[in-house]
Amino acid sequence: MTSEFDLVIRGGTVVTASDTMQCDVGVRDGKIVALAANLPPGARDVDATGLLVLPGGIDSHVHIDQPNGPETVQADTFESGTLSAAFGGNTTVLPFALQQKGQSLRDAVRDYHAKADGECYVDYGFHLIVSDPTEQLLGQDLPALVQDGYTSFKVFMTYEDLRLDDRQILDVMSVAREQGALVMVHAENFDAIRFLTQKLENEGKTAPLYHGASRPAVVEREATHRAISLAELVDVPIMIVHVSGRESMEQIRWAQARGLKIYGETCPQYLVLTEADMDGADMEGAKFVCSPPPRDVASQEACWEGLETGVFQVFSSDHCPFRFREATGKMHPKARSSFRWVPNGIPGIETRLPILFSEGVTKGRISINRFVALTATNHARMYGLYPRKGTIAIGSDADIVLWDPARQVTLSQSLLHHGADYTPYEGFDVTGWPVTTILRGTIVVENGVLCGAKGGGTFLSRDLPEQAKPRAPAVF
Ligand code: URP
Ligand code: ZN
Ligand code: ZN
């Protein structure tokens, strides 16, 4: 007799952002079709006794195979990056399709599809990075791409090749308002960083450690406040990404208290790394160079406060991997002459969930439901994927991770599947581990063994974010 289910996940504890329940999960044609105790056998049954049954992780801030200037290359292809994501308990990733200056946004998107399509182990969509907001881009390409399901875009307030000035940011925000898209903002003050970098170099302070001093919290705080002000002017929601500590977090909290739709994201590096990690001998500190930089223990506490109190909606990895030992990576030929040549970014797609679970849930800082919200549900809501993704509910995609809350693991490069040759979390002990990852009802990783196939992940055209409906141009 054929079963009514292709797959039954049996005997686990199902957790969503709002509920925790003891029930089986029935899956047919890639969708969740039943949630009840004692379901009849499926064509395949998976025993989840003693495990948590969670929505697959959604990592909405990852950089994969992103151009990084002529001299450095990122360490992951879409194949290795999404494999690493799957082993880390994720079923959806949202990398960026970066527009290079002079390139049309349409061409940038086409390039990314050529890199990603048929290569991925988990589902994926693209945010856009706008670096050259021409009339053509603002008037034609960006609105059309939003209609096509690329419903969020990132703007940078720093980096020579990427930064937009305030006028350009306002132009991009205006398009977002009319289209109902969400703008993500990298908030650091470009001129202040240039000023400080020059000063530090003049004083011979060139080691990776000084990367932190070149972009202190005030640089991030000022830009965060300016981004909030620009968004208020246009009256458009924005997401401040990779918030590193109290000063920026408090700007966001202040804006939220005023009723503005300002959202926030933080990342593992701001919870468990500090500036001191950039102080290793023989360039070891380069392994931790990212922007904004990891700060201090008080900043870590502030990020926890933001996660616990709801100032931050999402917890992402900002996975941006470079190989440590290679001249195309952290060992850029000029890296020893100044931190400014060390490529910014660290790997973390596979370690994001274990770090938050262990430091947050196991240590009692956040509930398991908040963990699900921060790592899956809110990403789906913010980026137009809910309720298809990000929850365990009848009709949702059967994107599920079976989680062993008691498994103790020491994080190590040898365990990971990314293309980087190191992890910044080497030797870090975690309790809680993703054992099985299921994408639309198909097992991709089972008990730590790869079962899925490259190309099993498909492109996601996304709806408009819940927070941002299309509106008439602002009247001033
Ligand atoms: O250092 C970082 N975060 N690199 C990735 C690019 C970005 O700004 O997100
Ligand atoms: Zn950024
Ligand atoms: Zn990033």
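Data overview
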item	result
Separation in nanometres of the label points that stand 7 Å from Cα toward Cβ, at THR442 and ASP279	4.9
Cα→Cβ-extended label distance, 7 Å offset, between GLN22 and GLU305, nm	4.0
From phi via Karplus (6.51, -1.76, 1.60), per-residue ³J(HN,Hα) for the stretch 78-88 in Hz, x at Gly/Pro	5, 5, 6, x, 7, 5, 4, 4, 5, 5, x
Lysines whose Cα lies under 24 Å from that of LYS199, excluding same-chain neighbours fewer than 8 positions away	LYS287, LYS330, LYS334
Distance in nm between pseudo-label sites at ALA43 and ALA393 (7 Å out along the Cβ direction from Cα)	2.7
Relative frequency of Cα-Cα separations exceeding 38 Å in the chain, percent	20
Calculated log₁₀ intensity ratio I(q)/I(0) where the Debye formula runs over C-alpha points of the stretch 1-133, q = 0.09 Å⁻¹	-0.40
Percent antiparallel among DSSP beta bridges (both partners in the chain, rounded to 5)	45
Gain upon complete extension [VAL449, VAL435; 0.36 nm per residue less C-alpha separation]	4.2 nm
Most to least packed among 12-21, 217-226 [average Cβ atoms within 10 Å]	217-226, 12-21
Kirkwood hydrodynamic radius over Cα pairs of the stretch 164-247, then Stokes diffusion coefficient at 37 °C and 0.692 mPa s, in µm²/s	235
Proximal aspartates and glutamates to LYS261, defined as alpha-carbon separation beneath 14 angstrom and excluding residues fewer than eight positions away on the same chain	GLU232, ASP235, GLU466
Additional length obtainable on full extension of the chain from LYS334 to SER174, 0.36 nm per residue less Cα span	53.6 nm
Debye, to nearest 20: dipole size of the chain, +1 on Lys, Arg Cβ, -1 on Asp, Glu Cβ	440
Computed [θ] at 222 nm, deg cm²/dmol, the chain (DSSP H ≥ 4; -39,500 (n - 2.57); rounded to nearest 500)	-7500 deg cm²/dmol
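Where a number appears in this text, it was derived from the coordinates with a stated rule and is not lab data. Nothing here was measured: the structure is a model prediction, and the numbers come from that model. FYI the Cβ positions are ideal-geometry reconstructions off the backbone, even for glycines, and counts take in every protein chain you see.
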